[in-house]
Amino acid sequence: MPQPAARDIAPAKGKLGVLLVGLGAVSTTFIAGVENVRRGRALPIGSLTQMATIRLGQRPEKRAPKIKDFAPLAALEDLVFAAWDPIPDDAYTAAKKAGVLEPHHLEPVADFLKSITPMPAAFDQHYVKRLHGTNVKRGKTKRELADQLREDIRAFKQRAGCDRLVMVWCGSTEVFITPGPAHQSLAAFEQAMEQNDQAIAPSMLYAWAALMEGVPFANGAPNLTVDVPALEKLAEERHLPIGGKDFKTGQTMMKTVLSPAFKARMLGVAGWYSTNILGNRDGEVLDDPESFKTKEESKLGVLEYILQPEMYPELYGNVFHKVRINYYPPRGDNKEGWDNIDIFGWLGYPMQIKVDFLCRDSILAAPLVLDLALLFDLAHRAGLSGIQEWLSFYFKSPQVATGGGLYPEHDLFIQHTKLKNTLRWMMGEDQITHLGIEYYEKV
Ligand SMILES: NC(=O)c1ccc[n+]([C@@H]2O[C@H](COP(=O)([O-])OP(=O)(O)OC[C@H]3O[C@@H](n4cnc5c(N)ncnc54)[C@H](O)[C@@H]3O)[C@@H](O)[C@H]2O)c1
């Protein structure tokens with residue numbers, strides 16, 4: 001069979017600036033982690049781009065390079081960082097307050113972290129009730145704030161001598177917003193910014209500013225942000241990759257592993273009760289019912305799509321699914337996520353599964369930020385634009401194109417296959433279908 005053609009991918013030359021919105025637990029764990037890895041002091045565990053291999057060709061060929069040696073990704077040495085936050089703490093102070101990393105990972109890179117101070121944020125407490133920030137931009141209209149963000153992006157690019165930029169939202173979860181008229185077209189969106197319309201949340205200002213400056217945008221929180229027609233069209237017009245929403249890290253990651261297993265075996269599900277205790281700032285923000293609602297929507301959608309109750313009413317037509325998040329300060333970033341799953345098998349006999357995941361939220365999220373920054377940059381250089389569905393692997397509530405009957409793909413292993421197949425496709429390698437019949441039959 002002829003080899004498929006590789007895409008034309010611009011080389012990863014020069015520095016890649018990673019613009020982080022929010023300099024809290026996730027961002028500082030990511031930055032400090034990258035610096036530790038660069039200095040040879042730790043391993044980038046949890047990062048597919050750094051640790052994983054990719055199989056190429058048939059199994060006996062034994063071709064399985066590391067992804068970072070296969071795809072032309074930016075090197076960790078070439079990453080530079082900038083952030084915005086309404087809280088003025090530098091990355092070292094913020095990391096100490098977040099309490100995720102221990103001194104042996106913070107002190108050796110303290111000077112580096114102290115050099116990253118947050119730019120004033122486009123912030124409005126209406127959207128994150130539990131935060132009180134002083135490091136904020138002033139402006140009469142949201143448009144003015146967004147224009148200031150554009151200036152920040154340009155100034156940083158020049159100051160740091162970046163060749164390219166990517167932006168990742170690692171800011172707090174905003175209150176729940178549904179798409180409305182202001183989000184339908186770019187003209188309506190820009191007018192709404194001028195009129196300080198409440199439908200335009202601060203995260204949307206960052207996304208708009210990024211796209212106007214030619215910067216790909218990934219959303220690590222469940223906010224609507226770039227998941228609206230106006231910004232999707234803007235991304236397509238400007239040939240920029242976008243994606244979201246909400247890093248898929250702990251409980252939902254497990255849910256998207258376990259539920260496909262039940263479905264694969266045709267085991268029924270009667271109920272799934274998920275509860276969490278966490279005590280970091282994210283937990284405090286999510287203690288506000290309006291921010292929790294945004295998170296709840298993102299966490300709830302998963303089972304519905306994976307189990308397909310409309311196709312299997314006897315098995316999944318009546319699943320009682322509940323998600324709770326409780327703010328419990330003593331635990332800090334070390335979240336505990338419990339799941340009680342009521343399943344049923346042959347002839348309807350009930351069984352139970354209990355999962356108790358004692359995880360570390362930001363330890364799970366930091367490698368995702370790294371992968372998203374590198375892969376969105378790769379997508380951009382490969383000429384991919386609009387929603388990057390192949391990066392659904394990283395998101396709890398993956399964005400998909402509207403219209404055309406597409407629904408999001410939540411199964412972690414389908415997402416994983418999709419990601420690797422997209423890399424193979426980009427690089428002109430055969431897709432791996434796992435058919436394997438050619439090893440047994442002469443076809
Ligand atoms: N850690 C995980 O496993 C995980 C998983 C999925 C999603 N998330 C999401 O990632 C985000 C970051 O999580 P975290 O634990 O770092 O939270 P955090 O509270 O430690 O950090 C968020 C930071 O964003 C800042 N912020 C809020 N509004 C802002 C604005 N308009 N502009 C700039 N900065 C702003 C806050 O001041 C804060 O410092 C949250 O939305 C969280 O829900 C985290």
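Could you please give the count of residues in the stretch 365-402 that are farther than 21 Å from Thr252 by Cβ and open to solvent by 10 Å² or more (accessible area, probe 1.4 Å)?
The total comes to 7.
Which residues, counting only those in the stretch 326-335, are surrounded by fewer than 17 Cβ atoms within 10 Å (Cβ to Cβ) and part of a loop (DSSP other than H, G, I, E, B)?
If the condition is that a residue be surrounded by fewer than 17 Cβ atoms within 10 Å (Cβ to Cβ) and part of a loop (DSSP other than H, G, I, E, B), then Tyr328 is the only one that fits.
Looking at Ile341 and the list (1) in a strand (DSSP E or B); (2) open to solvent by 50 Å² or more (accessible area, probe 1.4 Å), which single condition is not satisfied?
(2)
Any residue that is more than 27 Å from Leu435 (Cβ to Cβ), assigned to a strand (DSSP E or B) and in contact (Cβ under 8 Å) with a residue 60 or more places away in the chain - is there at least one of those in the stretch 69-79?
So far as the stretch 69-79 goes, yes, one or more of its residues are more than 27 Å from Leu435 (Cβ to Cβ), assigned to a strand (DSSP E or B) and in contact (Cβ under 8 Å) with a residue 60 or more places away in the chain.
Test Glu144 against the stated conditions and say whether it is within 16 Å of the ligand (Cβ to nearest atom) and within 24 Å of the chain's Cα centre (by Cα).
No; evaluated as a whole, the condition is false for this residue.
Restricting attention to helices (runs of 4 or more DSSP H) lying wholly within the stretch 211-325, give those where 1 or more residues are over 21 Å from Tyr407 (Cα atoms) and not acidic (Asp, Glu).
Numbers: elements: 229-237, 251-264, 281-286, 289-307, 313-316.
Helices (runs of 4 or more DSSP H) meeting the threshold: 229-237, 251-264, 281-286, 289-307.
For a quick check of your reading of the model, give me the residue pairs whose first member lies in the stretch 211-225 and is farther than 19 Å from His126 by Cβ and of a type in the set (Gly, Ala, Ser), whose second is in a loop (DSSP other than H, G, I, E, B) and more than 14 Å from the ligand (Cβ to nearest atom), with beta-carbon atoms closer than 8 Å and at least 6 apart or on different chains.
Correct list of pairs: Gly214/Arg238; Gly214/Leu240.
Could you list all residues from the stretch 420-443 that are of a type in the set (A, V, I, L, M), open to solvent by less than 60 Å² (accessible area, probe 1.4 Å) and out of contact with any Pro (no Cβ under 9 Å at 6 or more places or on another chain)?
Leu423, Met426, Ile432
Can you tell which of Pro260, Pro289 is surrounded by fewer than 16 Cβ atoms within 10 Å (Cβ to Cβ) and not polar (S, T, N, Q)?
Pro289
Test of understanding: among Ala199, Ala122, which residue is open to solvent by less than 10 Å² (accessible area, probe 1.4 Å) and within 25 Å of the chain's Cα centre (by Cα)?
None of the other options fit; the residue is Ala122.
Applying the selection to the stretch 178-210, what residues are away from the ligand (no atom under 16 Å from the Cβ) and in a helix (DSSP H, G or I)?
Pro181, Ala182, His183, Leu186, Ala187, Ala188, Phe189, Glu190, Gln191, Ala192, Glu194
Tally up the residues in the stretch 137-171 that are over 16 Å from Trp208 (Cβ atoms), open to solvent by 30 Å² or more (accessible area, probe 1.4 Å) and touching a helix residue (DSSP H, G or I) at 6+ places or on another chain (Cβ under 9 Å), please.
Matching residues across the stretch 137-171 total 2.
The values are calculated or read from the model by the stated rules, or taken from the named source; none is laboratory data. On a predicted model such as this, the values are computed, not experimentally measured, just so you know. Neighbour counts are summed over all protein chains in view; Cβ atoms, including those assigned to glycine, are modelled from backbone coordinates with ideal geometry. Please note that ligands, DNA and RNA were not included when accessible areas were found on the heavy atoms of the full protein model with its side chains. Shrake-Rupley method; radii C 1.70, N 1.55, O 1.52, S 1.80 Å.
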